[in-house]
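Engineer: Just passing along the structure, written as C-alpha cells.
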Amino acid sequence: MSRVRTAMEELIAAVIASPEYREFDRQKQIMKEHPELKRQIDRFREENFRLQHSVQSDELFDRIDEFSRKYEDFRRNPLVDPFLNAEVEFCRMIQGINQEIVEAVNFE
C-alpha cells in the first residue's frame, strides 16, 4: 500500500474520531427520527445556498436579513440549530483540511 493511501486512511480515521464528526453524526441520527423536520432543514439549506450564490453584493445584506427573519422561528426549534451548527463545524474542518493540502502542494 502506498504511503499516500496509508496516510489517507489515517486521516479518515482521525476525521471520524474527531469531536466535529462525532457531533455531526449524532445530529444526523437525531434527524433520521424526524424526517419531516429534516426535509424542512434541507429546504432551508437550499434556499440559503441559492441566496448566497445568486444575489448581487449590494443587496446581499438586506436579503440575508430578510432570510434570517423568515426563518427565525424555525431556527428556534431545539433540534434545528444544533444540527445546523454541527454541520457547519464539520464542513469547516473538512474545508480546512482541503485548503491545507491544496496550499502545501502549491495547487493553483
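The values are calculated or read from the model by the stated rules, or taken from the named source; none is laboratory data. Here the structure is a predicted model, which means the values were calculated and not measured. Methodologically, a virtual Cβ is constructed for each residue, glycine included, from the backbone with ideal geometry; neighbour enumeration extends over all protein chains shown. Remember, those area values only see protein heavy atoms, side chains included, never the ligands or the DNA or RNA. Shrake-Rupley method; radii C 1.70, N 1.55, O 1.52, S 1.80 Å.
Engineer: When all C-alpha to C-alpha distances in segment 4-56 are sorted into bins of 5 Å, what percent of pairs does each bin hold, rounded to whole numbers?
Structural biologist: 4, 17, 13, 14, 15, 15, 13, 7, 1
Engineer: Describe numerically, in nm with one decimal, the distance between label points set 7 Å from Cα along Cα→Cβ at residue 75 and at residue 37.
Structural biologist: Modelled inter-label distance: 1.8 nm.
Engineer: Which order do peptides 11-22, 81-92, 46-57 fall in by mean Cβ count within 10 Å, highest first?
Structural biologist: 81-92, 11-22, 46-57
Engineer: Determine the distance separating the Cα centre of segment 56-108 from the Cα centre of segment 16-55; give it in Å without decimals.
Structural biologist: Cα centroid of segment 56-108 versus Cα centroid of segment 16-55: 11 Å apart.
Engineer: If you don't mind, another one. Taking the Cβ of residue 28 as the centre, find all other residues whose Cβ is under 12 Å away and add up their charges (Lys, Arg: +1; Asp, Glu: -1).
Structural biologist: 0
Engineer: If you rank 25, 62 by how much accessible surface each has, with a 1.4 Å probe, what is the order from largest down?
Structural biologist: Order by accessible area, largest first: 62, 25.
Engineer: Put a dot 7 Å past each Cα toward the Cβ at residue 105 and residue 28; how far apart are the dots in nm?
Structural biologist: According to this spin-label approximation, the distance is 2.4 nm.
Engineer: I would also like to ask the following. Run the reach check for residue 38 against aspartates and glutamates, Cα to Cα strictly under 16 Å, same-chain hits fewer than 8 apart removed. What comes back?
Structural biologist: 25, 46, 47, 73, 81, 87
Engineer: At q = 0.12, 0.13, 0.21 Å⁻¹, what log₁₀ I(q)/I(0) does the chain have when each alpha carbon counts as one equal point scatterer in the Debye sum?
Structural biologist: Result of the Debye calculation: -0.60, -0.68, -1.14.
Engineer: Starting from the exponent 0.38 and prefactor 2.2 Å, build the expected Rg for segment 34-88 from its residue count and divide its actual Cα Rg by it.
Structural biologist: 1.18
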